[in-house]
Amino acid sequence: MATDYQKKIEQKGITEYRGYIDEQMSQAREALDAEKRSQHLANAVAANGMLLRGLAVGFVTGELNYKAIQEISRGLQNTQAFQSLMKDSGEQLAQNGTVETLVRSLQKRDRELAEAQPSRPAIEVIQGIQAKVRAGTVQPRDYATLVAAHRLSSWKGKAAAPDGKMVDVVRRDVNRRLDGRLLSEETERIMADKDFQYLMKHEPKESLGVNALRLNGAALEQYAKRANQLRAREQEKQKASDGPGLSPGTG
């Protein structure tokens, strides 16, 4: 009975989210000025991101969280990619597009701008990716760029521990300006890393998002360690599913 009730609640939530998204796209088409149109389109993307995250974790709440949608929407509207896309194609996307088309266009514009940027502060790169995480438009390359931003804005050194011993530490400067070419090159190296590829394939999306939002996403730098943990877990599952082997001499 509880399962049936949960399914009804989830279906109600899915219906309400989709209805809200359709409503925002409709209002964007009818908007009389660019600012209102942009707000409605950002609301649609924000709600779509929340719906996708709910589906990913296996449960969508029965009622819309309008406060969270507005917060995500405001963050999205402040990103350079969204502002640039609205300036060039906002009206066209509102009249002819769907929220899926809007998300794909936003992702494409973000990649184009990232490649064209001569330099940016690391924190600007980080916060831009976090806005995409909240809006549900984040892609594996964004996570790679987040790791690259941390690598290029930090360095290893030595510091005295309370007992007087010198220990290895990582110092970070999120205000450090990152050269666009170097950031792109480091992102490509990370994308080609087998550990990173394994993490993107096996880590739940919700976990990736949580780590990206926590402490500027610094934990994602440890992706190799996390990939090894996931491999070990997979091996244990495989052993358990295979069951105990036959003893010598049996059969």
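The values are calculated or read from the model by the stated rules, or taken from the named source; none is laboratory data. None of the values given here were measured: they were computed from a predicted structure. FYI the Cβ positions are ideal-geometry reconstructions off the backbone, even for glycines, and counts take in every protein chain you see.
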Q: List the helices (runs of 4 or more DSSP H) that sit entirely inside the range 1-100 and contain at least 2 residues that are touching a residue at least 40 places away in the same chain (Cβ under 8 Å) and in the same structural domain as residue 132 (by TED's automatic domain parsing).
A: none
Q | Among the candidates 173, 193, residue that is assigned by TED's automatic domain parsing to the domain that holds residue 152, of a type in the set (Asp, Glu) and either closer than 14 Å to residue 141 by Cα or surrounded by 15 or more Cβ atoms within 10 Å (Cβ to Cβ) (or both) | A | 193
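Would you pick out the residues in the range 27-47 that are closer than 28 Å to residue 7 by Cα and of a type in the set (Gly, Ala, Ser)? Break it down stepwise before answering.
Taking the range 27-47 as the starting set, the residues that turn out to be closer than 28 Å to residue 7 by Cα are 43-47.
Matches in the range 27-47: 44, 46, 47.
So is residue 134 surrounded by 15 or more Cβ atoms within 10 Å (Cβ to Cβ) and charged (D, E, K, R) or not? It would help to see each step written out before you state the result.
Working: surrounded by 15 or more Cβ atoms within 10 Å (Cβ to Cβ): yes; charged (D, E, K, R): yes.
Taking the combined requirement at face value, the residue satisfies it.
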Q) So, of the residues in the range 48-81 that are farther than 20 Å from residue 7 by Cα and among the aliphatic types (A, V, I, L, M), which turns out to be surrounded by the fewest Cβ atoms within 10 Å (Cβ to Cβ)? A) 68
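Against the condition among the polar types (S, T, N, Q), under 27 Å from residue 214 (Cα atoms) and in the same structural domain as residue 205 (by TED's automatic domain parsing), how does residue 107 come out, does it pass?
Details: among the polar types (S, T, N, Q): yes; under 27 Å from residue 214 (Cα atoms): yes; in the same structural domain as residue 205 (by TED's automatic domain parsing): no.
Answer is no for this residue.
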